[in-house]
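See structure below.
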Amino acid sequence: MVAVVADRLWGACLAAAWAGRAIVSRPPPPRDLRARLANLTAGAPLAAPITIHWDTHQIPFVAAENDRDLAVGLGLVHAHLRLGQVETMRRVAAGRVAEMAGPLAVDLDRSLRLLDLGRAVPAIVDGLAPATRDWIDGFLAGYNHHLMHAPALPPEFPLLGIGREAWNLHDFLVHARLLSADSSWLAWGRLLRARAALAPAAWQALWRRLLATGAPADLIARPDRAVEQLIARPGRHGSNSIAVAGPRSASGAALIASDPHLNLSLPNPVLLAGAHSPETRVVGLMMPGIPFFPVGRNPSIAWGGTNLYAQTSDLFDVSGEALTTREETIRVRGGKPRTVRLRRSALGPVVSDGRMMANPEPLALRWMGHAPSDEIGPMMAAARARDWEGFKAAIDGFGLPGLNITFAGADGRIGHLRAVRVPRDRERQPDDLVRPPAAAWDMAATVTAAALPHSENPAEGVVVSANEPPPAAAVAIGLFFTPPDRARRLHRLLAERPRLSAADLLRMQLDVLHEPALGGRDFLLAGLGARALPAPAQKIAGLIRAWDGVYDRESTGATAYEFTVARLAFAALRPHVLPAYEAVRQARGLIFEDLAALPAAALAAAIEKALVQVAAKWPRDARWGQVHRLRPGHVLGRLPRIGRHYRAPSLAAAGGNDTVAKAAHGLADRAHDVPFGAAVRHVSDLGDLDANWFRLLGGQDGWFGSENAFDQMAGWNRGADIQVPLNLETVRAQWPHRTVITPL
């Protein structure tokens, strides 16, 4: 999403802005759990006292006498745990990065403001149900109280020049809109650059090929097919979520397991929390600064989610359209304020005026997010639902972004919904990335979850979501999806046992076999034929030949295969084409198709050259886990000198671009850190209120120096093994720390 792009861009601006400054290089002082909890205020804007229970990982469980006070408590713990993270993202959403990073971020701020994330906010406010408004207001009251009155502030505040600035409802809804951004925007910058660089005929050929790529064939089921079956086109984005029906469960109750795939960063993109009031009982994952649970469970149901990759926006050429202009002032840290001009058409803001989607002709963004929708209300209604029918009705109101949502009920039922609001009359296969104004769709004519493909209690007793292409629908849900490799692998694993346990699902989340990569291996070996190779190249080819498709930490075959494929791609592909392939999440398969189109002699020579190059740079320790590292980064880690104090230790990583245990690396021909992959794991058994296990890559606490900043990393390779009970009595008995907050 745009938050990922903005994070990377503003981090680069920040590092450059600080490069010439003398920074006192002191690490943040260590703080144990008791010291961190002492930073909570004793009072808050409550009607009655609340109790916040804490486990040793600083996971909070908020117990309140009513929902409004529960929301206040959740706001308090979000601010306590993730204040620096939320305040920086708040400024990203508002296009205020230059206030933290200085003059180099002005262009980024202009691009962010061109998105006009707050355009629908007044209409959203007008349409909020009273209960939803009260819930948000309570959350903001708690968040603001901590922000304005906490005795100490996290390191981001002085280093980034952030001050105490209370939120209003408009600020909150703009922040929430950033998290609702269309994932297509990540692709459009790359595709627009290819479109501008290629001749029109070449671009049209590439565009048609990208649209036609679709889902890859199943190598296992169809070994007789040609090159499109040789490799299954791993992407770099996705998540997994599984629900198992009661009759397939060893406990007799439904099971659920989710492992969201996210940008690997510190703090983690999500936090863990429990909530208890007479109306609401939930444990699960929350996005910092957002008061709902996208993954979680209550006493009756559980739910998980993955990215649907729905396209909720389009680009339109507005060269001949009337445009309006407004001016905004960007405040700049260490510099004078800058005035920028922002243009708009009747179809939407002219986003091509910024660097993110730069284009010679003016392009307007038409986005469903510029129309009002409510995501908080439906998700909280879903969290309070008691059965499939109530859950399905709640989710139908959800708008953005598009989600696959899996469901498991205590009654043993399971289901899969596709939750999004998409235009009803958009073309399925547009002629170009950029559309003419006449093709604009009506934002009021939309389709929601109830009219999209869904499943309930399938005969096999499981539902799986892994970002695979959706079934055919009456409307165009999107254009580009990830391959179904992970979904197929999960179905295969689930079919191996007639009855499944929570422990089985946990093990599946750690699976690192990618069977379609064996087709790629065989393609490389067949392409060499009987060609005589120099000794160093023979060694690499031998490692590839012996490789079993498993991306475990000890494998040298995985290293040889991935480094060789990367070298081939870098040498064989035309400029601008590889970024376009990567943009639509189908790079690997398209690369192999291009290689297969080469004359046999040219292909053999290219493979030999790649093997020789890999051998020349072969690492001293070439095990996959030594060249493939988990090292989630903190934005302050990009600063010169002081940055070394804001870096987590790295872990040897298993997994690859499209294994179930995702650890995406794109094309890599050398040692690298994993930028994207599984960031959290969750498993629940609906037969036991307390049978809920989680683990974050990193830790709960966003305060660097805290003992809980990355204490969960050491056990990451074990999977989800931190129990978070739903039963309040269990929490009271087992969790060692308690904070009582009283009314002011």
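No lab work stands behind these numbers, since they all come straight from the coordinates. Note that the coordinates shown come from a computational prediction; the quantities given were computed from them, not determined experimentally. When we count neighbours, we look across all protein chains shown, and the Cβ atoms used for this are built from the backbone with ideal geometry, even at glycine.
Seen from every direction in turn and averaged, the convex hull around the alpha carbons of segment 329-373 projects onto 4.6 nm².
By the helix-only formula, in which each DSSP H run with n ≥ 4 contributes -39500 (n - 2.57) and the sum is divided by residues, the chain has a 222 nm mean residue ellipticity of -10000 deg cm²/dmol. Along its first, second and third principal axes, ordered by size, segment 34-112 spans 47, 27, 18 Å in Cα coordinates. Structural size metrics of the chain, computed from C-alpha coordinates, are Rg and Dmax of 25.3, 81 Å.
Please compute the length gained on full extension between residue 456 and residue 545, using 0.36 nm multiplied by the number of residues separating them and subtracting their Cα-Cα distance. Could the numbers behind the result be given before it?
Numbers: separation 89, 0.36 × 89 = 32.04 nm, distance 4.32 nm.
Contour length minus Cα-Cα distance gives 27.7 nm.
Classify segment 507-597 from the C-alpha gyration tensor, please: rounded if a/c falls under 1.5, else prolate or oblate depending on whether a/b exceeds b/c. It comes out oblate by the Cα gyration axes.
The modelled label-to-label distance for the pair residue 600/residue 688, using points 7 Å beyond Cα in the direction of Cβ, is 6.0 nm.
On alpha-carbon atoms, Rg over Rh for segment 632-744 using Kirkwood Rh? Walk me through the numbers before you get to the answer.
Numbers: Rg = 17.7 Å, Rh = 16.8 Å.
Reported Rg/Rh (Cα atoms, Kirkwood Rh): 1.06.
Multiplying the sequence separation of residue 740 and residue 169 by 0.36 nm and subtracting their Cα-Cα distance, what value in nm do you get? It would help to have the intermediate numbers written out before the result.
Working: separation 571, 0.36 × 571 = 205.56 nm, distance 2.70 nm.
Value of the extension gain: 202.9 nm.
Equivalent ellipsoid of segment 480-634: semi-axes from √(5λ) of the C-alpha gyration tensor, largest first, are 29, 19, 17 Å.
I want to verify the translational diffusion coefficient of segment 354-423 in µm²/s; compute it with Stokes-Einstein, Rh as the Kirkwood radius over Cα pairs, at 10 °C and 1.306 mPa s.
Numbers: Rh = 14.2 Å.
Approximately 112 µm²/s, per Stokes-Einstein.
In debye, nearest 20: dipole of segment 645-744 around its Cα centre with unit charges on the Cβ of K, R (+) and D, E (-)? Using only the charged Cβ atoms, the result is roughly 180 debye.
The Cα-based radius of gyration of segment 310-442, divided by its Kirkwood radius, gives an Rg/Rh of 1.12. Each label point was placed 7 Å from the Cα along the Cα-to-Cβ direction; for residue 149 and residue 125 their separation is 2.5 nm. Quick note on segment 581-689: its Rg to Rh ratio, both from C-alpha atoms and Rh being the Kirkwood radius, is 1.09. Computed from point charges on the beta carbon alone (+1 for Lys and Arg, -1 for Asp and Glu), the dipole magnitude for the chain about its Cα centre is near 2180 Debye.
With a ≥ b ≥ c the root eigenvalues of the C-alpha gyration tensor of segment 71-165, is it rounded (a/c under 1.5), prolate (a/b larger than b/c) or oblate? Intermediate values should be presented prior to the final figure.
Details: a/c = 3.36, a/b = 1.14, b/c = 2.95.
It comes out oblate by the Cα gyration axes.
Note on segment 460-546: the C-alpha convex hull projects to 9.3 nm² when averaged across all orientations.
Across segment 288-336, the fraction of Cα-Cα pairs farther apart than 13 Å, rounded to a whole number, is 81%.
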